[in-house]
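Beneath this line is the structure, given in structure tokens, with notes to follow.
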Amino acid sequence: MKLQKTALVLADISGYTRFVLFHKLSILHAEQIITELIEAVAEQARFPLRLNKLQGDAAFFVAAIDEDDEGALDDIVTQVGSFFDAFREKRAAQFRGTIGGCRCSACQTVENLTLKAFVHVGEVVQKKVGDFDEVAGESVILIHRLLKNSIEEREYLVLTDDVVKEITADPFTNKRRLVEMVDDLGEVGIMVYQPQSSRLTRPAKQPLLTIEGIKTAIVYSSRAFAQLLTRNARVFQNMPQ
Ligand SMILES: [Zn+2]
């Protein structure tokens, strides 16, 4: 058991409502969709960042940081940025796959799913439990409690002040600073980044026949019919007697 400076990353997928999780088929498909999305995100993690635990609709990653490795945290933050690209790519593929496919509410509302990611750094206790590396300590509690916050946006990346003050380059724009009140731990300064919006928009359903459409069709066909009559009349007029 030892104390180790560690980067902690929590990626959380949310967006399904209670309604989606009401029917058996929807529950199964929701589970499958979320698992695929988490896998797509987890595949982006490269050394030293590694998946530590899957927790329902969230994935928890850790990376031991050497005190003299200055670029490590920058690299990890960049990796977490790429989580959003992987998530959106997978979600878009699922979206294309489900249009016109399964009608269950989980498949039909894939585009409502969003990714929230949190990055924090601190001293954590690392211990081996069987084959698993367990991490514990206040920093681990803090990053999980940050899930409950005052941020109104549906999709975002949060870096705690402890991360922000250590990274040498800030790879993201579109940010604002907040102070969150975290249960038992007090005020925690965070930077909230808004990844470029990539919300999918379902094409509006256009009825095939509208009153306007029918009117237009009648106007056009009667005009065409009139033209046909006129042309024929001319043809008849020009015919040799
Ligand atoms: Zn379905």
(message) Of all residues being surrounded by fewer than 19 Cβ atoms within 10 Å (Cβ to Cβ) and of a type in the set (D, E, K, R) in region 87-130, which is farthest from the ligand (Cβ to nearest atom)? Just the residue, please.
(response) 123
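I'd like to check which helices (runs of 4 or more DSSP H) are fully inside region 1-110 and have at least 2 residues that are among the hydrophobic types (A, V, I, L, M, F, W, C) and within 30 Å of residue 123 (Cα to Cα).
Details: elements: 24-42, 72-98, 105-108.
Counting at least 2 such residues, we get 24-42, 72-98.
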(message) I'd like to know if region 35-58 contains one or more residues that are among the polar types (S, T, N, Q), surrounded by 13 or more Cβ atoms within 10 Å (Cβ to Cβ) and free of Cβ contacts under 8 Å to residues at least 24 places away in the same chain.
(response) yes
(message) Kindly evaluate residue 10 against the criterion of being hydrophobic (A, V, I, L, M, F, W, C), surrounded by 21 or more Cβ atoms within 10 Å (Cβ to Cβ) and in the same structural domain as residue 104 (by TED's automatic domain parsing).
(response) yes
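Output the residue which, of all residues in region 13-24 that are more than 28 Å from residue 137 (Cα to Cα) and open to solvent by less than 90 Å² (accessible area, probe 1.4 Å), is nearest to the ligand (Cβ to nearest atom).
Step one: filter region 13-24 for residues more than 28 Å from residue 137 (Cα to Cα), giving 15-24.
In the following step, the residues that additionally are open to solvent by less than 90 Å² (accessible area, probe 1.4 Å) were identified as 15-17, 20-21.
Details: 15: 15, 16: 12, 17: 15, 20: 10, 21: 12 Å.
Within region 13-24, the match that is nearest to the ligand (Cβ to nearest atom) is 20.
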(message) Taking the conditions exactly as written (assigned by TED's automatic domain parsing to the domain that holds residue 36 and under 26 Å from residue 189 (Cα atoms)), does residue 125 satisfy them or not?
(response) yes
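The values are calculated or read from the model by the stated rules, or taken from the named source; none is laboratory data. Just so it is clear, the model here is predicted, and its values are computed rather than measured. No Cβ is skipped: glycine too gets one built from the backbone with ideal geometry, and neighbour counts run over all protein chains shown. Keep in mind that these areas ignore ligands, DNA and RNA; they rest on the heavy atoms of the full protein, side chains included. Shrake-Rupley method; radii C 1.70, N 1.55, O 1.52, S 1.80 Å.
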